[in-house]
Amino acid sequence: MVPSTPPRDEDPRHELGLHGEALAESYLKRRGLRPVARRFATPVGELDLVMRDGATLVFVEVKTRRDRRWAAPQDAVSPEKQRRLTRAARWFVHDRQQHDAPLRFDVIGIVVAPGAPPEIEHFRDAFPPADE
């Protein structure tokens with residue numbers, strides 16, 4: 001039987017996501033943030049990027065699309081996704097013993113349309129940590 005979806009590393013959506021994360025990291029580095037972790041897997045979910053902005057730990061969710069036909073990329077960060085990101089961030093803070101660091105959640109929406117430069121929108125402090 002043939003699998004209904006390609007393996008993750010062959011999935012074009014996965015490749016697009018990796019490309020978007022690389023664009024987002026470069027964008028943030030040009031603005032003075034320092035990378036801490038990329039695609040950090042926790043038992044409760046994955047964090048796309050973890051950056052430092054001064055003393056603040058910044059958890060960055062990157063959403064990349066090929067066009068805006070259905071919705072802006074950042075619209076995919078639902079309240080449930082915010083709760084999962086908050087849980088993963090708390091796990092990261094505990095794992096890395098960063099309990100005193102201020103936290104921030106940013107969202108970067110990227111549209112990579114064929115033949116056009118990438119459109120990057122950065123939503124700084126996009127949402128507060130979700131209550132559990």
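The values are calculated or read from the model by the stated rules, or taken from the named source; none is laboratory data. The shown structure was predicted, so the numbers you read here are calculated from the model rather than taken from an experiment. As a convention, Cβ positions derive from the backbone with ideal geometry for all residues, glycine included, and neighbour counts pool all protein chains shown.
Does the stretch 45-103 hold any residues that are of a type in the set (Phe, Trp, Tyr) and either in a strand (DSSP E or B) or within 13 Å of the chain's Cα centre (by Cα) (or both), and which are they?
59
Output yes when any residue across the stretch 15-34 is assigned to a strand (DSSP E or B) and at pLDDT 95 or above, and no when none is.
Yes, the conditions are met somewhere in the stretch 15-34.
In this structure, is residue 11 farther than 17 Å from residue 121 by Cβ, over 10 Å from the mean Cα position of the chain (by Cα), surrounded by 11 or more Cβ atoms within 10 Å (Cβ to Cβ) and at pLDDT 95 or above?
no
Only residues that are under 19 Å from residue 53 (Cα atoms), in contact with a strand residue (DSSP E or B) (Cβ under 7 Å, 6 or more places away or on another chain) and of a type in the set (D, E, K, R): list them for the stretch 83-109, please.
104, 106
Yes or no: residue 64 at pLDDT below 95, surrounded by 11 or more Cβ atoms within 10 Å (Cβ to Cβ), under 21 Å from residue 125 (Cα atoms) and of a type in the set (Val, Ile, Thr)? Break it down stepwise before answering.
Values: at pLDDT below 95: yes; surrounded by 11 or more Cβ atoms within 10 Å (Cβ to Cβ): yes; under 21 Å from residue 125 (Cα atoms): yes; of a type in the set (Val, Ile, Thr): yes.
Criteria met by residue 64.
Please state which of the following conditions residue 124 fails to meet, knowing it meets all the rest: (1) in contact with an Asp or Glu (Cβ under 6 Å, 6 or more places away or on another chain); (2) surrounded by fewer than 17 Cβ atoms within 10 Å (Cβ to Cβ); (3) within 21 Å of residue 41 (Cβ to Cβ).
In the conditions (1) in contact with an Asp or Glu (Cβ under 6 Å, 6 or more places away or on another chain); (2) surrounded by fewer than 17 Cβ atoms within 10 Å (Cβ to Cβ); (3) within 21 Å of residue 41 (Cβ to Cβ), residue 124 misses (3) alone.
In the stretch 112-121, which residues are crowded, with 16+ Cβ neighbours inside 10 Å and either under 14 Å from the mean Cα position of the chain (by Cα) or not β-branched (Val, Ile, Thr) (or both)? So that I can check it myself, show each step before the final result.
So in the stretch 112-121, the residues crowded, with 16+ Cβ neighbours inside 10 Å come out as 112, 120.
120 - this is the single residue of the stretch 112-121 that is crowded, with 16+ Cβ neighbours inside 10 Å and either under 14 Å from the mean Cα position of the chain (by Cα) or not β-branched (Val, Ile, Thr) (or both).
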